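A.B. asks: Okay, here's the structure, questions in a sec.
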Amino acid sequence: MKSGTRLTLGGWLLVALVPIGGCGSSRGATSRSPVRDWTSVCSSDSFVASPAEHLIVELHEPIVVAAVEGVITSQAGEWPEQATILIELRPADFPGVARRAQADGHGKFRVDNVKPGRYCFKATAIGWQSVIGIIVVSKDVDPEKRVAIELPLGV
């Protein structure tokens, strides 16, 4: 699969992630996606780096949902009990404001009261690669679609 390939299954929007450009950050990778103009706005530089963050996967296709809720899964399967899984969300056109949510022990999360629009997101967990991309909140999509992000194992 290409980086950012999406599949809808039972109301869940599944996102398959493959790092672009080998090891390290995929900064500078290009895409033919119409969202390409937004990737520089939603780059890893636009978020505060976690102290343990080394590898970052950038999605080049937007995730389109009616509400910002879903699940962040681990490529390894289950999350360890002590894992802290975070998602940051900020408007794509204003990098200074961020909202954060912590997922539960199963990776489920919800960011309430997100108005329709384009948002940059970053999902992180210590020991896993971070994932950044764009979430588009729209009233024109199936309200049952949920965000599903898989974090690849870190190095």
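The values are calculated or read from the model by the stated rules, or taken from the named source; none is laboratory data. Keep in mind that this is a model prediction, so the values were computed, not measured. All Cβ positions, glycine included, derive from the backbone under ideal geometry; neighbour counts span all protein chains shown.
A.B. asks: Given the options GLU81, GLU61, GLU88, GLU69, name the one that is part of a loop (DSSP other than H, G, I, E, B), surrounded by 13 or more Cβ atoms within 10 Å (Cβ to Cβ) and out of contact with any Leu (no Cβ under 7 Å at 6 or more places or on another chain).
C.D. replies: One residue alone meets the criteria, GLU61.
A.B. asks: Also, quick follow-up: Quick one: what pairs do we get from the stretch 55-80, first residue under 14 Å from THR124 (Cα atoms), second of a type in the set (Lys, Arg), C-beta under 8 Å, 6+ apart or different chains?
C.D. replies: Note: pairs meeting the criteria are ILE56/ARG27; GLU58/ARG27; VAL71/LYS108; VAL71/ARG146.
A.B. asks: Got a sec? Which of SER50, SER43 is at pLDDT 50 or above and surrounded by 17 or more Cβ atoms within 10 Å (Cβ to Cβ)?
C.D. replies: On the way: SER50 fails: surrounded by 17 or more Cβ atoms within 10 Å (Cβ to Cβ).
Of SER50, SER43, the one residue that is at pLDDT 50 or above and surrounded by 17 or more Cβ atoms within 10 Å (Cβ to Cβ) is SER43.
A.B. asks: Something else now. Has the stretch 112-130 got at least one residue that is farther than 20 Å from LEU55 by Cα, charged (D, E, K, R) and exposed (fewer than 12 other Cβ atoms within 10 Å of the Cβ)? Spell out the reasoning first.
C.D. replies: First pass over the stretch 112-130, keeping only residues farther than 20 Å from LEU55 by Cα: 112-119.
Of the ones still in play, those that are also charged (D, E, K, R) are 112, 115, 118.
Still in the running and exposed (fewer than 12 other Cβ atoms within 10 Å of the Cβ): 112, 115.
So far as the stretch 112-130 goes, yes, one or more of its residues are farther than 20 Å from LEU55 by Cα, charged (D, E, K, R) and exposed (fewer than 12 other Cβ atoms within 10 Å of the Cβ).
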